[in-house]
Amino acid sequence: MNESGGKLPRKKERSIEELVEGIRTGNRAILAQAITLIESNATRHFEKGQELINRILPFTGQSIRIGITGVPGAGKSTFIEAFGTYLCQLGHKVAVLAVDPSSSVTGGSILGDKTRMDRLSRDPRAYVRPSPAAGTLGGVARKTRETVLVCEAAGYDVIIVETVGVGQSEVTVRSMVDIFLLLALTGAGDELQGMKKGIMELVDLLVINKADGDNEKKALKAKEEFTRILHFLKPATRGWTSKALTCSALYERGIPEVWESIQEFEETTIAQGMFEERRASQMKDWFYSLIKQELETSFFTSPVTKEHLPYFEKEVMSGHLSASLGVKRLFDEFNHRRR
Ligand SMILES: Nc1nc2c(ncn2[C@@H]2O[C@H](COP(=O)(O)OP(=O)(O)OP(=O)(O)O)[C@@H](O)[C@H]2O)c(=O)[nH]1
Ligand SMILES: [Mg+2]
């Protein structure tokens with residue numbers, strides 16, 4: 001069995017009490033088991049996982065949740081390794097999670113394949129978890145959100161959620177973190193590379209990496225240019241002006257400054273009430289998205305739907321019935337029969 005998925009062997013299965021106790025006392029093997037339970041797609045595990053989440057909920061919320069994105073090769077792994085190690089040295093406990101929707105296509109985890117931050121993984125104050133195996137972005141997101149909670153209950157006070165930024169994954173990660181950081185590079189000219197359209201609406205901190213050697217000047221220039229235009233952009237977080245920094249993840253330069261800015265962000269947004277407000281609205285959005293998922297599932301798995309859907313589908317396909325009217329008739333059946 002690997003850590004990221006697979007079946008839980010029945011005989012080793014622990015009770016909720018044992019899991020809560022293990023998580024709370026910093027037992028890493030039990031933490032890993034609890035996360036595996038949450039990541040499992042089996043109904044039996046789902047219910048147990050939900051009970052576990054409910055039990056640990058009072059012990060959650062005390063961390064700073066940091067989202068990190070950047071194109072492949074931007075230096076995310078190198079940066080998180082340097083940054084995480086630095087924070088561990090300061091006495092923090094750091095958990096690193098990943099949202100990697102590409103795993104649903106390739107069947108494997110892109111983020112998991114490469115450097116898995118060996119040094120950080122071995123640090124007793126750090127916990128590095130690969131992306132949950134294959135699934136839709138929505139499914140991976142649910143698992144990651146709940147894993148954040150479990151890590152918080154285990155005492156991790158800095159939670160890093162990494163994504164490569166495929167499709168909607170940046171928006172998804174933004175919806176579960178307090179601060180969102182983009183790791184960028186300077187290009188052949190001085191322009192920034194790897195900036196997707198619209199990404200700046202999400203970014204609180206722009207960190208220009210690989211500011212070393214021949215690239216250092218270019219990186220500093222890009223930072224200045226970016227700082228100039230920042231004031232014209234709509235802030236990603238109300239009350240906070242997004243900020244640009246440079247760093248060298250490889251040579252471990254500029255890392256303390258990134259942490260300082262994150263703390264500055266945290267203090268500013270807490271003082272303005274924005275921090276709590278965003279967390280509350282994130283919970284609300286999550287709640288509603290789960291309602292929608294539940295509605296969809298219960299509709300499509302209902303015997304009434306299964307009985308009538310093929311007929312209406314055929315009628316719509318052959319042009320005998322408009323799609324809208326088909327939906328209305330199908331829902332009439334569904335609502336009528338359920339009463
Ligand atoms: N010169 C220099 N090279 C760096 C720096 N940070 C990372 N690199 C190098 O850039 C390459 C990519 O770094 P990774 O950390 O694997 O990048 P990544 O963003 O995790 O890439 P993916 O996992 O593919 O998304 C590696 O060869 C690193 O050694 C840096 O600050 N300076
Ligand atoms: Mg990487």
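The values are calculated or read from the model by the stated rules, or taken from the named source; none is laboratory data. Remember, predicted model here, so these are calculated numbers, not experimental data. Heads up, the Cβs are rebuilt from the backbone with ideal geometry, glycines too, and the neighbour counts pull from every protein chain shown. When the accessible area is computed, the model is the full protein with side chains, heavy atoms only, and any ligands, DNA or RNA have been set aside. Shrake-Rupley method; radii C 1.70, N 1.55, O 1.52, S 1.80 Å.
Check the straight Cα-Cα distances from LYS306 and name the lysines below 17 Å, setting aside those fewer than 8 residues away within the same chain.
Within the straight-line cut-off, LYS306 pairs with LYS314, LYS328.
For the chain, set up a GNM with springs between Cα atoms under 10 Å and report which of ILE35, ILE291, ILE262 has the largest fluctuation.
Judging by the Gaussian network model, the answer is ILE291.
Determine, for each peptide in 48-54, 36-42, the mean count of other beta carbons within 10 angstrom over its residues, then list the peptides with the highest first.
Going from most to least packed, we get 36-42, 48-54.
Using 7 Å Cα-to-Cβ label points, what is the VAL304/ASN41 separation (nm, one decimal)?
Distance between the two pseudo-spin positions: 2.8 nm.
Could you provide, to the nearest whole Å², the per residue accessible area of segment 226-272 with probe 1.4 Å?
It amounts to 59 Å² per residue over segment 226-272.
Where the eigenvalues come from the Cα gyration tensor of the chain, what are the semi-axes √(5λ) of the equivalent ellipsoid, largest first, in whole Å?
On the way: eigenvalues 291, 147, 70 Å².
Value: 38, 27, 19 Å, ordered largest first.
Please report the accessible area of TYR311 (heavy atoms, 1.4 Å probe, ligands and nucleic acids excluded) in Å², nearest 10.
Rounded to the nearest 10, that gives 130 Å².
Springs between alpha-carbon atoms under 10 Å, Gaussian network over the chain: tell me which of ILE270, ILE255, ILE80 tops the mean-square fluctuations.
The residue that fluctuates most here is ILE270.
Tell me the relative contact order for the chain as a rounded percent, counting alpha carbon contacts under 8 Å between residues six or more apart.
Once normalised by length, the contact order is 16 percent.
Out of the total accessible area of segment 238-297 (probe 1.4 Å, heavy atoms of protein only), what percent is carbon and sulfur? Could you put the intermediate results ahead of the total?
Working: 2040 of 3730 Å².
Summing carbon and sulfur atoms, their accessible area is 55 percent of the total for segment 238-297.
Would you calculate the separation in nanometres between label points at ARG55 and GLN89, each defined as 7 Å from the Cα along the Cα-to-beta-carbon direction?
Between ARG55 and GLN89, the label points sit 3.9 nm apart.
Using a Förster distance of 51 Å, how high is the FRET efficiency between ARG24 and LYS217, based on the Cβ-Cβ distance and rounded to 0.05?
Step by step, r from the Cβ atoms, then E = 0.55.
Shape call for segment 46-95 from the C-alpha gyration tensor, a ≥ b ≥ c root eigenvalues: rounded (a/c under 1.5), prolate (a/b greater than b/c) or oblate?
Note, shape of segment 46-95 comes out oblate.
Roughly what % of DSSP beta bridges within the chain run antiparallel, to the nearest 5?
Restricted to the chain, the bridges split so that about 15 percent are antiparallel.
Distance check, please: which entries in LYS196/LYS234; LYS196/LYS292; LYS210/LYS243 exceed 21 angstrom between their Cα atoms?
Violating the 21 Å Cα-Cα cut-off are LYS196/LYS292.
Which lysines, on any chain, are close to LYS12 with Cα under 26 Å apart, when same-chain ones fewer than 8 places away are left out?
Here the lysines satisfying the reach criterion relative to LYS12 are LYS48, LYS143.
Fully extended, how many nm does the chain gain between GLU260 and THR297 (0.36 nm per residue separation, minus their Cα-Cα distance)?
8.9 nm
Report the gain in length on full extension from LYS314 to THR227: 0.36 nm times residue separation, minus Cα-Cα distance, nm rounded to one decimal. Each step should come with its number before you reach the end.
Working: separation 87, 0.36 × 87 = 31.32 nm, distance 5.76 nm.
Here the answer is 25.6 nm.
Give the span of segment 190-339's Cα atoms along each principal axis, as three whole-Å numbers ordered largest to smallest.
So the three principal-axis extents are 67, 37, 30 Å.
If each of ALA323 and PHE287 carries a label point 7 Å out from its Cα toward its Cβ, how far apart are those two points in nm?
Taking the simple label geometry, ALA323 and PHE287 are separated by 3.2 nm.
Could you give the spread of the C-alpha atoms of segment 226-311 along their three principal axes, from largest to smallest, in whole angstroms?
Taking max minus min along each principal axis of the Cα atoms, segment 226-311 gives 63, 34, 25 Å.
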